[in-house]
1. What is the diffusion coefficient of segment 160-245 in µm²/s, taking the Kirkwood radius over Cα pairs and the Stokes-Einstein relation at 10 °C with a viscosity of 1.306 mPa s?
2. Assuming a viscosity of 1.002 mPa s and a temperature of 20 °C, what translational diffusion coefficient in µm² per second does Stokes-Einstein assign to segment 139-298, Rh being the Kirkwood radius over Cα pairs?
3. Compare 241, 79, 95 in a GNM of the chain, Cα atoms joined below 10 Å, and give the one with the largest fluctuation.
4. Using protein chains only and a probe of 1.4 angstrom, how many square angstrom of residue 4 are accessible, to the nearest 10?
5. Averaged per residue, what accessible area in Å² does the chain show with a 1.4 Å probe, protein chains only?
6. Within segment 54-86, name every residue whose backbone N is under 13 Å away from a label modeled 7 Å from Cα of residue 272 along the Cβ vector.
7. Leaving out same-chain residues fewer than 8 places away, which lysines sit with a Cα under 21 Å from that of residue 286?
8. I need to check one value: relative contact order of the chain, counting alpha carbon pairs closer than 8 Å and at least 6 residues apart, in percent.
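The values are calculated or read from the model by the stated rules, or taken from the named source; none is laboratory data. On a predicted model such as this, the values are computed, not experimentally measured, just so you know. With ideal geometry, Cβ positions are generated from the backbone for all residues, glycine too; neighbour counts draw on all protein chains shown. Heads up: the accessible areas ignore ligands, DNA and RNA and are worked out on the full protein's heavy atoms, side chains in. Shrake-Rupley method; radii C 1.70, N 1.55, O 1.52, S 1.80 Å.
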Amino acid sequence: MSYLDELRERIERLRKERNAVILAHNYQLPEVQDIADFVGDSLELAKKAMEVDADVIVLAGVYFMAETAAILNPDKTVLIPNIKAGCPLAGFLNLETIKAYRELYPGAPLVMYINSYAPAKYHADYIVTSSSALKLIARLDDEVILFGPDKNLASYVAEKTGKKIVAVPSGGHCPVHEFLVNEYYVLKALEEHPGAKLILHPEVPPEARRHAHYVGSTSQMIRAVGELEGDVFLLGTEEGLVYRARKMYPGKKIYPVNPRAICINMKKNTLHHVAEALEKMKPVVKVDPRMAGRIREILETSFKMV
Ligand code: 13P
Ligand code: SF4
């Protein structure tokens, strides 16, 4: 039996023994997506984590995703295959920054991107994902809104809603989208695939975004491949999304804007790590219960609004 087949067999056995479900993000390695019970974007993963009937959730994604699953499931054991899978974007938001912007804009609500860690989330008024940011902010009566930590998603929401969206902090970004899915790579890809439909994630810089036919979350991007007219599609985000899109639409020609746009953190979860996590029942992701309780309330309120 091959190395990977042995790992798959081990995961299969342990998944039953532990009464576990494996939830994977759209950027995970193909072989991890293939063994998952569910694959989706951040909002879908959080909602799925609330619904599943299992004792153990293995969240194959980055740490803030597993942390969100743990917050929403105080009675379940939440495991992350590789504890080192962080998200540099989430690291942009800290308490001093939040406090400074609150003082500068008293009374403005703080809408926080789910790509943030629990100590920051605790201070949010609302929590959104790339698929819900626009809808939730459009529903708020406020005309001035603090939004963090992604400056590019902040500028996208400002453009679409006409509101004043203050990026908190001013320079927060995802390095994968900011540097590897920028206007240069977009124009290069359009030159290589003339006439292709360009589908982008809102974490890309605004200069790249203005060439897009569609902007949305990772799962919305996949759905757009099915809904937009045309046979050739360029996906401007982390390259892992192309695997899932091609699997769902085998008849369409789907290419990454940049095949080198790889989130190394997402790729830290391998089948080996999934098997080890299930075997050893660690690393467990835990959040202080008082903090988790408050964040759960914010998440539930925010989810109901979209
Ligand atoms: P989605 O919620 O769109 O899947 O985005 C998560 C992410 O980390 C994008 O880089
Ligand atoms: Fe974070 Fe960017 Fe990786 Fe998404 S692609 S997990 S935002 S570093």
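1. For the chosen part, D equals 118 µm²/s.
2. 121 µm²/s
3. Highest fluctuation of the listed residues: 95.
4. Its accessible surface works out to 60 Å², give or take rounding.
5. In whole numbers, the chain has 43 Å² accessible per residue.
6. The answer is 82, whose backbone nitrogens lie closer than 13 Å to the label point.
7. Partners within reach: 47, 48, 76, 84, 121, 268.
8. 23 percent
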